[in-house]
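J.: Before anything else, here's the structure in question.
No value in this document is a laboratory result; all are computed from the given coordinates. Model, not experiment: these values are computed from the prediction. As a convention, Cβ positions derive from the backbone with ideal geometry for all residues, glycine included, and neighbour counts pool all protein chains shown.
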Amino acid sequence: MEQTARIDKWLWAARIFKTRSIAADACKNGRVTIGGTNVKPSRPLKVGEVVDVKKPPVTYSFRVLKCIEQRVGAKLVPEVYENVTDPKQYELLEMSRISGFVNRARGTGRPTKKERRALDDFTAPVMFGFDDDFDDDFDD
């Protein structure tokens with residue numbers, strides 16, 4: 001008897017997705033393919049098949065070594081699948097990671113350390129080097 005497992009259960013059990021419902025949604029939305037064809041969450045998975053998972057901007061590829069439906073510990077993951085992702089995909093991930101910080105729109109998210117210092121300099125009281133009765137000179 002050949003060992004099979006549902007693709008959504010396998011994706012969850014192999015720790016590719018955090019929950020089974022997220023794995024099923026990925027299948028329904030066409031982000032999981034086997035041999036170039038989109039798969040339904042209930043599709044049976046066989047040992048030796050290569051599963052492609054799109055997690056933008058990268059498409060990961062995994063060769064199935066063991067069909068499981070029960071979640072395993074992180075240390076046992078290498079027994080479940082072999083990562084056969086193209087190295088170019090990891091370069092793409094690194095490039096998007098780098099460009100994400102460079103092209104950040106001003107005003108979005110928390111300020112950077114440089115922006116924070118500029119804010120502090122702008123809001124901090126500035127000493128002009130004048131004596132304390134500087135304001136009194138304009139009252140006359």
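J.: Between Arg117 and Lys75, with labels modelled 7 Å along Cα→Cβ, what's the label distance in nm to one decimal, could you check?
T.: 4.5
J.: Taking amide H atoms as placed 1.01 Å from N in the peptide plane, list the residues 5 or more away in sequence, or in a different chain, whose amide H sits under 5 Å from that of Glu49.
T.: Val64
J.: Across every pair of different alpha-carbon atoms, what Kirkwood hydrodynamic radius in Å does the stretch 10-60 reach? Could you put the intermediate results ahead of the total?
T.: Numbers: mean 1/r = 0.0911 Å⁻¹.
By the Kirkwood definition, the hydrodynamic radius is 11.0 Å.
J.: If you don't mind, another one. A 24 angstrom limit on the alpha carbon distance is what I want to check against. Which of Lys40/Lys75; Lys9/Lys66; Lys18/Lys114; Lys9/Lys75 exceed it?
T.: Working: Lys40/Lys75 28 Å; Lys9/Lys66 13 Å; Lys18/Lys114 36 Å; Lys9/Lys75 19 Å.
In this structure, Lys40/Lys75; Lys18/Lys114 lie more than 24 Å apart at Cα.
J.: Let me know the whole percent of all Cα-Cα pairs from the stretch 1-120 that are separated by more than 24 Å. The partial results should precede the final answer.
T.: Numbers: 2774 of 7140 pairs.
Roughly 39 percent, once rounded to a whole number.
J.: Stretch Val84-Gln3 to full length: gain in nm at 0.36 nm per residue minus the Cα-Cα span? Mind dumping the intermediate values first?
T.: Working: separation 81, 0.36 × 81 = 29.16 nm, distance 2.13 nm.
Taking 0.36 nm per residue and subtracting the Cα distance, the gain is 27.0 nm.
J.: Then there's this: Based on the alpha-carbon set only, what is the convex hull volume of the stretch 28-90 divided per residue, in Å³?
T.: Details: hull volume 6.4 nm³, N = 63.
Value for the stretch 28-90: 102 Å³ per residue.
J.: Sorted by packing (mean other beta-carbon atoms within 10 Å per residue), highest first, where do 81-87, 28-34 land? Let's see the in-between values first.
T.: Numbers: 81-87: 12.7, 28-34: 15.6.
Peptide ranking by packing, descending: 28-34, 81-87.
J.: A further question on this structure: Run the simple label-point estimate for Thr59 and Asn38 please: 7 Å along Cα→C-beta, distance reported in nm.
T.: Each label point is offset 7 Å from its Cα along the Cβ direction, giving 1.4 nm.
J.: So, in nm, how far is label Lys18 from label Glu91 when the simple model puts each one 7 Å beyond its Cα toward the Cβ?
T.: For Lys18 paired with Glu91, the spin-label model returns 3.1 nm.
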